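Since the structure comes first, as structure tokens, the remarks are kept for the end.
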Amino acid sequence: RDLHLSIRRQRQMCIRDSLKVADGQLETFKGLVTEMISFIKTEEPGTLIYNWYISEANHKGTLLERYKNNQAAIKHVNNFVSGKYVDRLMSICTFESITILGDASEELKETLKDFTEDFRNHIGGFVR
């Protein structure tokens, strides 16, 4: 059981986004995040973790995402790029970095090529 769970977790993909919210847009950003969370929770069962964090002082934000596998991550990216949130989000913030954590498939790398080249393979660790 523990080995099966460990193997399943190794297939999971994590994404860490760092961004800066434009001056005067913090409340708009928070409202948009709430909408996005609701949509993703309902429409993307392969999204396991989707958590936003913000520094009220300097308007820097972090999004931590975990997906069941490469296909779930690809679905999320495709939904975002073709969906109703991308233009609104990009108009009020700037992404500073996007880091992909896990063993990304070539298809996921291709899907994300316009966003990041920062792919980091899993080499070990544990989850309690």
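Observations on the model:
- If you go through region 55-65 and keep only what is open to solvent by less than 60 Å² (accessible area, probe 1.4 Å) and either free of Cβ contacts under 8 Å to residues at least 12 places away in the same chain or over 23 Å from His122 (Cβ atoms) (or both), you end up with Ser55, His59, Gly61.
- Qualifying residue in region 12-26 (condition: assigned to a helix (DSSP H, G or I) and among the hydrophobic types (A, V, I, L, M, F, W, C)): yes
- Pairs with Cβ under 9 Å, 6+ apart, first in region 26-45 and more than 12 Å from Cys93 (Cβ to Cβ) and modelled with pLDDT of 95 or more, second open to solvent by 80 Å² or more (accessible area, probe 1.4 Å) and not polar (S, T, N, Q): Glu35/Lys84; Glu35/Arg88; Phe39/Lys84; Glu44/Lys75; Pro45/Lys68
- Extreme residue, nearest to Ser82 (Cα to Cα), among residues of region 103-128 that are hydroxyl-bearing (Ser, Thr, Tyr) and within 15 Å of the chain's Cα centre (by Cα): Thr111
- Selection count where residues are closer than 17 Å to Tyr85 by Cα and touching a Lys or Arg at 6+ places or on another chain (Cβ under 8 Å), scope region 32-46: 2
- Filtering region 34-50 to residues that are buried (at least 18 other Cβ atoms within 10 Å of the Cβ) and farther than 28 Å from Phe126 by Cα leaves only Met36.
- Some residue of region 44-58 being assigned to a helix (DSSP H, G or I) and of a type outside the set (Lys, Arg): no
The values are calculated or read from the model by the stated rules, or taken from the named source; none is laboratory data. Because the structure is predicted, anything quoted here is derived from the model rather than measured. In this analysis, Cβ positions are derived from the backbone assuming ideal geometry, glycine residues included, and neighbour counts consider all displayed protein chains. The area values use the complete protein model at the heavy-atom level, side chains included, leaving out ligands, DNA and RNA. Shrake-Rupley method; radii C 1.70, N 1.55, O 1.52, S 1.80 Å.
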